[in-house]
Amino acid sequence: MKLKETAPAFRLMKENDLIEVMEINELVYPTVWSVSFFKQQLRQTDSRVNIVFELEKKIVGHGALMKVADEAHIISLVVHPLHQKKGIGVSMLSVLCHHAVDMGLKSMTLEVRKSNESAISLYKKFGFSPVGFRTNYYSDTGEDALIMWIHDIDDPEFLMKVKSKQRIKGDL
Ligand SMILES: CC(C)(COP(=O)(O)OP(=O)(O)OC[C@H]1O[C@@H](n2cnc3c(N)ncnc32)[C@H](O)[C@@H]1OP(=O)(O)O)[C@@H](O)C(=O)NCCC(=O)NCCS
């Protein structure tokens, strides 16, 4: 499934979206990617997928994955605080998982703050399993990161699971 075939509210992120996406990141993360780092991510279209979710022409969510060998690393997943708990996060992760499968990748991984129970619960719904910690991973707070993995995403059952999770097909 290519992004253009998914719900119209999801689309690939463009450089013009940077200000809105950074505003959301600043609301929820203690530290955020710099503008130059963000631009660099957007230009590496062969190995990065950056998506946004738009509601009434306003961006309220951003998600990103990075391809490393045959792995997809989820490197960002963020929903505007006013729009959390409406199924946007789960649907954005579903779109990113579709991309990982489309790109022919074999597994997915991510790091999440070990205190971030809402995100951990979301990732577990897709089958991400905790495999260990990276001590003092986050330089802003010194918090440990929980490392999570899913293997065999090329198994058709994974895509079926992902499809069943996507709650937003069009507008909210
Ligand atoms: C994590 C985040 C992306 C989830 O987005 P969301 O749109 O609020 O999530 P959804 O509404 O799609 O919820 C999906 C699931 O996530 C979990 N979840 C989301 N918010 C939760 C909360 N406040 N408490 C507990 N679980 C929660 C639940 O398992 C939920 O499933 P349910 O609706 O069946 O209970 C969002 O909370 C966020 O932007 N957090 C700040 C940034 C962040 O921590 N990102 C993850 C970095 S690794």
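Just so it is clear, none of the values below were taken in a lab; they were calculated from the coordinates. Quick caveat, the model's predicted, so the values are computed rather than measured. Neighbour counts run over all protein chains shown; Cβ positions are idealised from the backbone, glycine included.
For the reader, a short list of remarks on this structure follows.
- Under the shape rule built on the C-alpha gyration tensor, where the axes satisfy a ≥ b ≥ c, the stretch 3-165 is rounded, since a/c falls short of 1.5.
- Per-residue ³J(HN,Hα) for the stretch 51-62, Karplus 6.51 cos²θ - 1.76 cosθ + 1.60, θ = phi - 60°, Hz, x for Gly and Pro: 10, 10, 10, 10, 10, 6, 6, 10, 6, 10, x, 9
- Taken about its Cα centre, the chain carries a charge dipole of roughly 400 debye when the Cβ of each Lys and Arg holds +1 and the Cβ of each Asp and Glu holds -1.
- Available extension along the chain between residue 120 and residue 27 is 31.5 nm, counting 0.36 nm per residue and deducting the alpha carbon span.
- Straight-line cross-link partners of residue 58 among the aspartates and glutamates, defined as a Cα under 19 Å from its Cα and at least 8 positions apart when in the same chain: 15, 17, 20, 23, 26, 171.
- Database remark: amide H of residue 48 closer than 5 angstrom to the amide H of 67 (H placed geometrically; neighbours at sequence offset of 5 or more, or on other chains; Pro and chain starts carry no H).
- Close amide H contacts of residue 80 (hydrogens built in the peptide plane, cut-off under 5 Å, sequence separation of 5 or more or a different chain): 61.
- Vicinal HN-Hα couplings computed from phi for the stretch 64-75 (Karplus, 6.51 cos²θ - 1.76 cosθ + 1.60; Hz; Gly/Pro x): 8, 10, 10, 8, 10, 6, 9, 10, 9, 9, 6, 10
- Amide hydrogen proximity for residue 75: with H placed 1.01 Å from N in the peptide plane, the residues at 5 or more positions away or on another chain lying under 5 Å are 64, 65, 66.
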